[in-house]
Every structure is written in structure tokens, then in C-alpha cells.
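Student: Have a look at this one.
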Amino acid sequence: MSHTVTAVAPRTAEAAAQIAAQTKTLADLFPKHQFSLNPVELLTYEIDAGFDRGRPDGVFFPESSHDVSRLMQWANRTHTPLVARGAGTGLSGGAVPEQGGIVLSFARMNNVLELDKRGRSAAVEVGVVNLAFDGLVKQSGLYYPPDPSSGRSSVIGGNLGENAGGPHCFKYGVTTNYITGLEVVLADGRMVRLGGRALDYPEYDLTGLVVGSEGTLAIATRAYVRLIRNPPGVKTMMVAFNSEEEAGKAVSAVIAAGLVPATLEMMDQRIMRIIESYAPVGLPVDAKAALIVEVDGYPESLDTQMEEISDILESNGGFDLRIAQSEAERAQIWYGRKSAAGSLARMAPSFYLVDITVPRSRLADTLTAVNQVCDHYGLTLGHVFHAGDGNLHPCIAFDARNAEEKAKVFEACEAIVAICIERDGSITGEHGVGIEKRAYMPMMYSGAELAAMTEIKSLFDPKTLLNPGKIFPPDLPAPQYESPSLPKDKSIKSATPQEAAAALAGLAQAGKRVRIGSATSGDLRGADLWLSTAGFNGITKFAPEDLYVTAGAGTPLADLQAFLTEKQMQAPLASPWPETTLGGLIATNLNAPQRLRYGGLRDLLMSTTVALADGRVIRAGRPVVKNVAGYDLPKLFIGSHGTLGLLTDVTLKLSPLPRARRTFALPVADLPQGLAWAGATVPTWMVMSSVVLCSGVELPVAGGAPYALLFTLEGLDEDIAAEEMGLRHALAAAGAPPLLVVDELHATHEWAAFLNRDGEQATLVRAGLPPGRVGDYWGQLPSAIQAQAAWCVDVGNHMLYARTAPTELPDAATTASWLSTLRKPALGLGGYAVVMATPHDELDRWGYTPDALDLMRALKDRWDPQGILNPGDFVAG
């Protein structure tokens with residue numbers, strides 16, 4: 001099963017002549033400067049930074065999305081594979097043209113098309129270099145956190161393909177957490193937009209699916225990116241340990257204490273000595289291991305953060321603590337860390353950089369097991385890796401010209417992969433599967449899970465033209481199906497995912513439609529019976545050292561939060577409705593204003609177990625921060641409204657409860673004034689949890705005001721105090737009155753109270769807008785329409801909520817007319833307006849047609865061919 005390096009295969013004269021005839025027709029479509037068929041020039045594109053090779057038939061240099069579309073149409077006519085390539089820095093063979101075809105090099109699509117400082121967003125072409133983009137946005141006080149080691153040369157498109165991470169993803173996340181939308185070319189040549197500038201479009205999260213898909217589903221040409229504030233201060237420390245195991249346990253201790261450094265990187269003695277001989281930077285080469293710890297935030301908090309972390313590290317065996325006293329010294333430490341790859345070339349002709357991820361609490365025993373494997377094979381090994389997120393990178397030095405030695409290396413790799421799978425990890429955290437690890441996919445995933453992924457591939461790319469042969473091995477295990485079991489009752493309450501899958505399979509055979517929910521009675525809205533999630537209730541695993549919790553999908557959110565609060569932890573989620581379950585929250589993709597600081601459901605859901613309507617049970621995702629093995633299936637179920645499968649359990653990312661919290665408020669006369677004042681504060685936001693402009697909030701001021709502008713800050717005392725000062729200065733400059741301190745309020749709680757104020761009789765609408773466009777949208781609404789509702793703005797996430805009382809809109813026809821007026825400007829600005837709740841079932845709840853609606857419907861038809869799941873509940877049916 002171990003990896004066999006792919007070499008360039010010889011071609012027959014007949015095959016070569018046929019390929020030459022096909023590729024020459026490119027000259028009829030494109031000018032000569034856009035493609036090359038020169039065999040010498042093509043040598044560059046045979047290989048990436050790994051060991052696999054493949055001969056391209058040509059290379060194409062697109063200059064626009066239309067170029068890619070035309071090439072894709074040509075590929076369909078000629079049955080020619082297309083392989084998208086970034087900078088060629090990948091390590092898994094993902095951009096190697098194993099089956100020939102045309103390589104697309106995006107070097108000429110390298111423009112930053114838009115940078116919106118106030119909206120903290122950008123639109124970029126996929127050929128933009130990662131480090132150059134981050135440098136550009138930092139000039140505006142912003143930050144693009146994904147920072148792979150190859151960032152000096154890797155491009156956004158390649159980062160998208162592999163869902164790249166880097167040292168800072170422990171605190172800030174990976175590429176997918178910063179991509180709100182994509183423009184892609186599908187396998188039939190269509191140019192479509194997935195997602196967009198706004199958040200939470202009413203569509204399956206195909207953006208999340210394409211990110212990390214290694215160019216096998218679509219060719220991305222443009223990305224819509226969200227940005228955050230660049231932390232104004234940073235402090236870096238190096239600390240030595242007497243063993244790798246001690247260092248691994250120290251990492252777990254830091255995390256268990258509720259601390260979130262910006263980075264936690266580890267190096268062992270062997271790699272430090274190799275680096276030091278190559279680039280002397282003062283690494284503690286007499287120690288068995290060292291950690292690089294970095295904290296960021298306001299300068300006022302850095303000493304406090306570092307002192308607390310230092311105490312924990314010292315109490316867990318750390319010594320020789322070295323805190324960088326200048327930017328030059330900090331840069332020197334990082335130069336050493338990032339010189340690992342270059343330094344290894346001095347001791348052997350080749351090195352193999354393994355990429356696996358395990359839960360952080362398993363670092364110490366995983367390091368021991370990996371060392372034992374390499375000792376068994378007599379291999380020279382060094383460790384340098386992202387300890388904060390459990391992403392290990394054993395570096396094996398060897399001579400690739402020695403076939404016997406190379407075979408040992410790949411046998412060892414297979415054993416290392418098995419070690420990570422035993423610990424519920426991933427076979428790849430950031431390098432991707434590509435060619436290198438496709439043979440290991442059946443070790444990690446069941447036949448049902450792999451079938452779900454290959455079905456997606458066939459829907460997106462039925463002719464297998466996009467990067468063929470990658471990710472999946474040719475021989476896959478057969479999927480397992482539960483035997484159909486037709487329930488006799490009007491409501492179903494299963495106790496296991498397998499029981500639920502069997503019941504769904506039986507209902508599908510009988511053509512019986514189900515309504516999924518925690519209830520077992522009420523309006524079935526076109527379904528035949530209830531499928532209750534009440535049997536999937538309770539917490540099954542709480543892992544504070546790994547910052548996750550697993551619970552049944554029928555668990556009420558309030559129960560989970562009560563449990564976590566006792567443990568000084570939180571799943572940073574909220575709902576206006578007390579009965580909300582975890583599965584319901586995820587299925588509806590209900591995100592609260594505190595998403596501004598903690599991320600949304602698509603950032604917090606790590607894995608989920610799902611019963612499909614055809615009798616399969618799949619486990620989508622794994623409980624690790626970084627997992628790029630195959631397609632990101634969990635994102636498909638977020639916001640799917642139960643139309644793709646039944647969630648039975650969910651694993652959520654946790655964060656410590658904030659050390660401090662403060663809420664400030666301003667009384668506001670009208671919504672435009674509130675938006676203007678809020679907009680003036682955007683550059684100050686770093687520990688801002690939520691910003692809400694809402695009607696109906698009682699503030700301690702004489703006479704009251706129609707609106708209240710609320711700012712809730714969460715974090716360290718020093719950071720909150722510093723941000724408060726910036727907030728007050730910004731508002732004073734904007735002409736606002738002094739801030740009120742209202743610590744008894746929380747902006748997110750006031751949002752929740754607004755949404756739930758009139759109960760089931762209200763019509764509740766959410767308009768999602770691109771960054772900075774809420775004011776433009778409001779200005780396009782007629783004053784009569786504005787007067788017919790109460791309004792609340794989630795300023796940080798560009799959401800506007802409208803709530804109407806039955807007295808304002810007494811019937812469906814009046815409500816539909818009002819709704820149509822709300823939708824037109826939202827759609828015109830690139831957003832949407834959806835109905836969250838209404839007493840009028842006949843209303844069109846969505847009013848939005850995704851570009852890829854046909855793909856959504858095809859996926860729905862494949863996983864629920866009889867259409868039994870929540871009929872009519874979503875745009876895909």
C-alpha cells in the first residue's frame with residue numbers, strides 16, 4: 001500500500017502524434033504567448049517540490065477567467081486533462097500532470113482586484129503571491145493569516161487547492177476560514193460564482209468544498225477574501241526541553257490552561273543542529289527539543305501573556321527561556337525555523353517531509369512512536385512542526401537515487417500514517433493527498449465516506465478532466481449500506497446513526513417523506529412523518545486539552561453551554577430560541593454577531609456523523625484543526641437545512657471563556673447615523689466580539705433613543721483597555737457622544753432578544769450584504785418600507801435583520817410585496833434577503849438562485865434520490 005513514486009511514462013509514436021495534433025489546435029484559439037508546447041520548456045512543469053513526475057503536453061498561461069473557460073471547453077472537445085498549477089511548491093504531487101494534458105500556470109493572473117480597508121475584505125486573482133498579498137494588506141493595518149512556509153513563492157490559487165495553513169493557524173485558522181467566495185470555471189466551461197462577498201448565502205457551501213479539493217472539482221480564478229486587523233504587538237520566545245515528550249506535554253499544558261498563543265512550533269535536537277550548521281541563529285542545540293512560542297495583541301498585554309505561558313512551560317520542564325528583545329532577534333529565530341528545508345539538503349541529497357496531524361494531546365506519544373518507526377528502518381530523522389495544531393512534519397534525510405533506501409522511506413511513511421490514524425488524526429494536515437497519499441485514503445476513510453467523495457467528483461467532473469488520478473486510489477472499498485427498516489410509527493426516534501440510516505433507507509423505498517427536528521408533532525409541511533433527533537442527546541466527549549467537544553445533534557445548545565461554562569470553556573455560538581439544538585443550529589447555519597471574534601459555524605464544526613437517505617453512515621471530518629485529506633464534507637451540511645442527511649453527532653471547536661468582557665453603548669437617533677459611527681471604529685477592532693445596532697434596547701439615558709449601538713469586547717484586561725481607548729478616540733473624531741458603560745448588556749444577547757421579540761407571529765428577514773454595503777442598502781429602501789419593520793444590524797458581519805409585527809403586515813400578499821421590495825436592492829448589491837421565520841408558509845423564503853443550483857440539485861438527488869428529507873425546505877429542494 002505504500003507510495004510508489006510516479007515517473008514519466010514513455011509514449012508510443014501513435015499516442016505522441018495524436019497529442020501533438022490536439023495541442024496544435026490551441027493556436028487557433030489563443031495567441032502564441034499564452035501557451036508553450038516546447039519539450040524543453042515543459043520540463044519545468046513535470047514536477048512540483050515532491051518526488052512524483054508527469055509529462056505535460058503543453059502549458060497554458062491564462063490572463064482572464066474567460067481564457068480558462070475557453071480552454072476548458074476545448075478540453076471537453078478534445079478529452080484533454082487540465083491541471084491547475086500555482087508556484088509548484090506543493091509536496092504531494094498535486095500539480096503533477098500524471099496523465100499528461102495541459103498545465104495551467106496562473107502567473108499572469110496576479111492582480112489584487114479590490115482591497116476594502118473599511119470592509120476588511122479583498123478580491124484577488126489566484127496568481128497573487130501569498131507573502132506579497134499579506135505585505136500589501138499590512139500597509140493598510142490588515143492581516144491575512146494563512147502563512148505556509150512556502151509563502152514567499154506560493155500563490156493564493158495553490159493555497160486554495162491545498163487549504164494551506166502555516167505556523168499561525170493554531171490561533172487564526174487556515175485558508176478556508178478566510179475565503180467567503182470563489183469565481184470558478186466548472187468542468188463544462190461555465191464560469192460561476194460560489195458564495196461571494198457577503199456571508200452565509202442560501203446555498204450549499206460549495207466554496208468550502210472546492211477549497212482543499214486540489215483542483216479536482218473546478219478551476220478557481222478569483223477569490224473573495226476576508227481580512228482581520230494586524231495585531232499591533234508581537235513577542236516571541238524560544239524555550240528548551242530535555243526531551244521531545246516533555247515539549248509535547250508542555251504544549252498540551254498551555255492549551256489546557258486556556259491560553260491561545262499565536263504560534264507554538266517545535267524542533268528536535270537533530271533538526272536544530274542541522275539548521276545551526278547551515279544558518280547559525282543561536283538555537284539551543286544541546287537541548288533535546290525547543291519550542292518557539294509567539295503571542296500577539298496590544299503591546300500592553302504581551303508581557304502578561306508571555307509571563308503566564310513561561311510559568312507553565314517552566315513547570316513542565318522548560319528551561320533556557322529566550323525572549324526576543326528586538327524585531328531583528330525575532331526575525332532571526334524565525335529564519336532558523338524556516339531554514340529547516342534548506343539545511344537538510346546539506347546532509348543528504350534528498351529529504352522526505354511527512355505531513356500528518358494528530359490531536360494535540362497525542363503529540364508526545366506520537367513523537368515517540370514515529371521515532372521508533374524510523375529507528376526500525378535505520379533512517380535519519382528530524383522533527384520541525386506546528387505543535388499548536390498537532391501537525392507533525394517528520395523530516396527524513398536519504399538518497400533518492402538509492403532504490404532500496406527510497407523504499408524504506410516510503411514503508412516508514414506508511415507506518416507513520418498508520419500511527420496518526422490510530423490516534424484519530426489525518427493523513428495530511430496541509431500538504432494534500434495528491435499522488436503521494438492517495439493509497440492511504442482507505443486507511444482513513446470507510447467505503448461509504450470515500451464513495452460520498454467520489455460521487456461529488458463525478459457530479460462536478462463527469463469526464464474526469466480536472467486533475468485526474470489525484471486524491472483517490474483506483475481501487476476503493478465498497479460502501480456499506482444499512483438494511484432498510486420501515487418504521488411503523490408516525491414519528492421516528494433512533495438511538496444510533498445506523499438505526500437512523502436503516503430507517504431512512506426504508507422510508508426512501510416506501511416513498512415516505514420525513515421532517516427532521518427535535519419535535520415529534522406539529523405541522524409536517526408536506527412530509528409524512530417526523531424524524532426526531534431527541535435520541536441523539538448528550539455530550540459524548542469533552543477534550544479541553546484538544547479544544548473540542550463532541551455531542552449528539554439533538555443536544556440543546558443551552559445544555560452544552562451550561563456544561564462548558566462550568567469548565568471555563570465555550571462553544572462560541574448563540575441562538576435567539578432556547579429550544580435550539582446543535583443539529584438545528586448547524587442545519588440552518590445560524591450565526592450570531594460574536595462570529596466577528598470567534599468565527600462562524602463553518603469555522604467551528606470539525607466533524608459530524610451523518611445518516612444518508614440511501615442507508616449509508618458517513619463520518620465527515622476529524623477532530624483535528626488541520627485535515628486536508630479529501631473533500632471538506634462537514635461544510636456541505638452547514639446550512640443545508642437537513643436536505644442532504646441527518647446529523648447525528650457534531651464535534652465543535654472550543655475556546656476558553658474570555659478573561660474579561662466589557663460592553664459600551666451609544667444612543668442613536670437613526671440607523672444611518674449609527675452605521676456611520678460604527679464604521680469609524682472598524683480600524684480599532686481586534687478583541688471586538690460583536691457590534692450591534694439595534695432598535696428596542698433600553699439604555700440608561702434620559703428620554704431613550706430609537707436605536708442603540710452596542711460594542712462588546714472580550715479578551716485580556718489589557719487588550720480591552722487598549723481597544724476601549726482606541727474606540728473612544730475614533731468615536732470622538734466622528735462626532736459621537738461619549739460612550740456609556742453597560743456591562744450588564746452583551747451585544748450578541750441583544751441581537752438574540754430582538755430576533756425573538758414577537759414570537760411566532762412575526763416575519764423575520766435577514767439581508768446579507770457585502771462588506772460596507774449595509775448603508776447603501778438602507779438608502780435604497782423606500783421610507784414606507786423602513787417604517788413597516790423594526791431593524792437590527794449585525795455590523796461586524798454585514799447582516800441587517802427586519803422584524804415585522806402582524807399589525808404591520810397582516811396577510812401573505814402584503815408580506816410578499818414588502819419582501820420583494822427588500823430583496824431587489826440586496827440582490828443588486830451582490831447580497832440576498834431570506835425569510836428566517838414567518839406565519840405565512842406560502843412565502844418564497846429564499847428569493848435567491850445560486851449560480852451552481854444545478855450542482856446543488858444533482859448532489860441532493862444523488863444522496864436523497866427519492867427526495868424524502870425535509871421536502872421544500874431549501875433552494876435545492
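Student: Restrict the check to region 758-769 and report whether at least one residue is within 24 Å of Arg226 (Cβ to Cβ), open to solvent by 20 Å² or more (accessible area, probe 1.4 Å) and either modelled with pLDDT under 95 or within 25 Å of the chain's Cα centre (by Cα) (or both).
Tutor: Taking every residue of region 758-769 in turn, at least one turns out to be within 24 Å of Arg226 (Cβ to Cβ), open to solvent by 20 Å² or more (accessible area, probe 1.4 Å) and either modelled with pLDDT under 95 or within 25 Å of the chain's Cα centre (by Cα) (or both).
Student: Which of the residues that make up region 396-435 are within 21 Å of Val625 (Cα to Cα) and open to solvent by less than 10 Å² (accessible area, probe 1.4 Å)?
Tutor: Those that are within 21 Å of Val625 (Cα to Cα) and open to solvent by less than 10 Å² (accessible area, probe 1.4 Å): Ile416, Val417, Cys420, Gly425, Ser426, Ile427, Thr428, Gly429, Gly432, Val433, Gly434.
Student: Continuing with this model, one more query. Counting only residues that are of a type outside the set (D, E, K, R) and buried (at least 17 other Cβ atoms within 10 Å of the Cβ), how many does region 269-283 have?
Tutor: Number of matching residues: 8.
Student: Filter region 288-312 for residues that are farther than 22 Å from Ser243 by Cα and assigned to a strand (DSSP E or B) and give the result.
Tutor: Matches in region 288-312: Val295, Asp296, Gly297.
Student: Suppose we filter Val254, Val211, Val239 for residues that are modelled with pLDDT under 95 and at negative phi; which single one remains?
Tutor: Among Val254, Val211, Val239, only Val254 is modelled with pLDDT under 95 and at negative phi.
Student: Then there's this: For a quick check of your reading of the model, give me the residue pairs whose first member lies in region 589-612 and is over 29 Å from Ala500 (Cβ atoms), whose second is open to solvent by less than 10 Å² (accessible area, probe 1.4 Å) and of a type in the set (Phe, Trp, Tyr), with beta-carbon atoms closer than 6 Å and at least 6 apart or on different chains.
Tutor: Pro593/Trp751
Student: Can you go through Ala220, Ala187, Ala262, Ala256 and tell me which one is within 15 Å of His386 (Cβ to Cβ), in contact with a helix residue (DSSP H, G or I) (Cβ under 8 Å, 6 or more places away or on another chain) and not acidic (Asp, Glu)?
Tutor: Exactly one of Ala220, Ala187, Ala262, Ala256 is within 15 Å of His386 (Cβ to Cβ), in contact with a helix residue (DSSP H, G or I) (Cβ under 8 Å, 6 or more places away or on another chain) and not acidic (Asp, Glu), namely Ala262.
Student: As an exercise: evaluate Ser361 against (1) under 19 Å from Ala49 (Cα atoms); (2) open to solvent by 30 Å² or more (accessible area, probe 1.4 Å); (3) under 26 Å from the mean Cα position of the chain (by Cα) and give the number of the one condition it does not meet.
Tutor: (1)
Student: Which one of Gly775, Gly779, Gly867 is open to solvent by 20 Å² or more (accessible area, probe 1.4 Å), touching a helix residue (DSSP H, G or I) at 6+ places or on another chain (Cβ under 8 Å) and at positive phi?
Tutor: Gly867
Student: Given the criteria of a type outside the set (A, V, I, L, M), more than 24 Å from Asn391 (Cβ to Cβ) and touching a residue at least 12 places away in the same chain (Cβ under 8 Å), does Tyr278 qualify?
Tutor: Answer is no for this residue.
Student: In addition: Restricting to region 535-556, give me the number of residues that are modelled with pLDDT under 95, crowded, with 20+ Cβ neighbours inside 10 Å and among the small types (Gly, Ala, Ser).
Tutor: Of the residues in region 535-556, 0 are modelled with pLDDT under 95, crowded, with 20+ Cβ neighbours inside 10 Å and among the small types (Gly, Ala, Ser).
Student: What's the number of the condition Ser494 fails, among (1) more than 29 Å from the chain's Cα centre (by Cα); (2) open to solvent by 30 Å² or more (accessible area, probe 1.4 Å)?
Tutor: With respect to (1) more than 29 Å from the chain's Cα centre (by Cα); (2) open to solvent by 30 Å² or more (accessible area, probe 1.4 Å), Ser494 is out only on (2).
Student: Related question: Within region 166-184, restricting attention to residues that are touching a helix residue (DSSP H, G or I) at 6+ places or on another chain (Cβ under 7 Å) and small (Gly, Ala, Ser), which residue is surrounded by the most Cβ atoms within 10 Å (Cβ to Cβ)?
Tutor: My answer is Gly181.
Student: Do we have any residue at all in region 819-830 that's more than 27 Å from the chain's Cα centre (by Cα), part of a strand (DSSP E or B) and touching a residue at least 24 places away in the same chain (Cβ under 8 Å)?
Tutor: No, because not a single residue in region 819-830 is more than 27 Å from the chain's Cα centre (by Cα), part of a strand (DSSP E or B) and touching a residue at least 24 places away in the same chain (Cβ under 8 Å).
Student: When residues of region 129-153 are filtered for being at pLDDT 95 or above and of a type in the set (Gly, Ala, Ser), how many remain?
Tutor: Here the count works out to 4.
Student: How about region 26-140: which strands (runs of 3 or more DSSP E) wholly inside it have at least 2 residues that are over 29 Å from the mean Cα position of the chain (by Cα)?
Tutor: 58-60
Student: Moving on. Go through region 790-843 and count every residue that is within 30 Å of Ser121 (Cβ to Cβ), among the polar types (S, T, N, Q) and open to solvent by less than 30 Å² (accessible area, probe 1.4 Å).
Tutor: Number of matching residues: 1.
Student: Which of the following residues is closer than 24 Å to Gly434 by Cα and of a type in the set (A, V, I, L, M, F, W, C): Ala75, Ala20?
Tutor: On inspection, the qualifying residue turns out to be Ala75.
Student: Would you be able to tell me the number of residues in region 831-877 that are out of contact with any strand residue (DSSP E or B) (no Cβ under 6 Å at 6 or more places or on another chain), outside any loop (DSSP other than H, G, I, E, B) and not aliphatic (A, V, I, L, M)?
Tutor: Total meeting the criteria: 6.
Residues are listed down the side, and each one gets a yes or a no for (1) of a type outside the set (A, V, I, L, M, F, W, C); (2) at pLDDT below 95; (3) within 20 Å of Pro284 (Cα to Cα):
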| site | (1), (2), (3) |
| --- | --- |
| Ser315 | yes, no, yes |
| Ala341 | no, yes, yes |
| Tyr352 | yes, yes, no |
| Ile356 | no, no, no |
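Student: I need the full set of residues from region 452-473 which are assigned to a helix (DSSP H, G or I) and surrounded by fewer than 19 Cβ atoms within 10 Å (Cβ to Cβ), in order please.
Tutor: Listed by number, the residues that qualify are Thr454, Glu455, Ser458, Leu459.
Student: Next question, about the same structure. Quick check on my filter: what residues within region 288-343 are open to solvent by 50 Å² or more (accessible area, probe 1.4 Å), among the polar types (S, T, N, Q) and more than 30 Å from Ile720 (Cβ to Cβ)?
Tutor: The one that is open to solvent by 50 Å² or more (accessible area, probe 1.4 Å), among the polar types (S, T, N, Q) and more than 30 Å from Ile720 (Cβ to Cβ): Gln332.
Student: Kindly evaluate Ala762 against the criterion of being within 20 Å of Trp577 (Cβ to Cβ), aliphatic (A, V, I, L, M) and in contact with a strand residue (DSSP E or B) (Cβ under 7 Å, 6 or more places away or on another chain).
Tutor: yes
Student: Look at Glu449 and say whether it is of a type in the set (Asp, Glu), buried (at least 21 other Cβ atoms within 10 Å of the Cβ), in a helix (DSSP H, G or I) and in contact (Cβ under 8 Å) with a residue 60 or more places away in the chain.
Tutor: Criteria met by Glu449.
The values are calculated or read from the model by the stated rules, or taken from the named source; none is laboratory data. Nothing here was measured: the structure is a model prediction, and the numbers come from that model. Methodologically, a virtual Cβ is constructed for each residue, glycine included, from the backbone with ideal geometry; neighbour enumeration extends over all protein chains shown. Areas reflect the complete protein model, heavy atoms only, side chains present, ligands, DNA and RNA absent. Shrake-Rupley method; radii C 1.70, N 1.55, O 1.52, S 1.80 Å.
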